[in-house]
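Heads up, the thing below is written out as structure tokens.
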Amino acid sequence: EAGVTQFPSHSVIEKGQTVTLRCDPISGHDNLYWYRRVMGKEIKFLLHFVKESKQDESGMPNNRFLAERTGGTYSTLKVQPAELEDSGVYFCASSPTAYEQYFGPGTRLTVT
Amino acid sequence: KNEVEQSPQNLTAQEGEFITINCSYSVGISALHWLQQHPGGGIVSLFMLSSGKKKHGRLIATINIQEKHSSLHITASHPRDSAVYICAPGGSQGNLIFGKGTKLSVKP
């Protein structure tokens, strides 16, 4: 069975540009989580989908971040416009039950 | 004060040593995860605990819900165990709160 996949693995963009990160969860997992680690800090929760609905988006830093989950399958996280402080590693995790979580490899975002 | 405190922050051990990493948390949780992150960044879930103790190979994780404390033990440590170990308690909806991590280096 395929694990959680994320695309791209690394993205380098200029400040002010738009970037879209994608996460494909394990098939059948209703719960999908986005997390990020910015330089020197611990990993922080961004948001949680149950199927296509946002269950908790309390960790989203501001309205430059938009997350969607089409048809309860894959999810995208768009940053528009990107700022320097958005640089970091964005992780996605999926879960069948909101308990055990399976993490993707992460997308490293560099904003210059 | 951070909601999740891990100790030590950095740990250097000789191959074969018994290692303990501690985690204290202040939030109410449904379960606690121990995660491993290797250089290169990928995260692997080692354990999910809601009570008691779990063992997987040379790794043992314990949790005391009343004391809000968990420990990760590595027996007979090996250089390939070198990684960052992260404690992450989670609420009923699963969103995790992460510790800063413990960087472990095991020397041959």
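Kindly check whether there is at least one residue in region B:31-45 that is of a type in the set (Val, Ile, Thr) and within 22 Å of A:Ala93 (Cβ to Cβ). Yes, region B:31-45 has at least one match. Taking the criterion of being under 30 Å from B:Lys103 (Cα atoms), within 14 Å of another protein chain (Cβ to nearest Cβ) and not in a strand (DSSP E or B), the residues of region A:1-56 that qualify are A:Gly3, A:Val4, A:Pro8, A:Ser9, A:Pro25, A:Ile26, A:Met39, A:Gly40, A:Lys41, A:Glu42, A:Ile43.
In region B:23-41 there is no residue that is of a type in the set (Phe, Trp, Tyr) and facing chain A (nearest Cβ under 10 Å).
Taken over region A:40-83, the residue count meeting the criterion of being within 23 Å of B:Gly42 (Cα to Cα), in contact (Cβ under 8 Å) with a residue 60 or more places away in the chain and surrounded by fewer than 19 Cβ atoms within 10 Å (Cβ to Cβ) is 1. Inside region A:84-112, residues that are in contact (Cβ under 8 Å) with a residue 24 or more places away in the chain, of a type outside the set (A, V, I, L, M, F, W, C) and assigned to a loop (DSSP other than H, G, I, E, B) make up a count of 8. B:Thr62 meets the conditions (1) in a loop (DSSP other than H, G, I, E, B); (2) in contact with a Lys or Arg (Cβ under 7 Å, 6 or more places away or on another chain) in every case but one. The failed one is (1).
Taken together, the values in this text are just the output of simple stated rules run on the coordinates, not laboratory data. The structure presented is a predicted model; accordingly, all values stated were derived computationally and were not measured. So basically every Cβ, Gly included, is an ideal-geometry build from the backbone, and we count neighbours across all protein chains shown.
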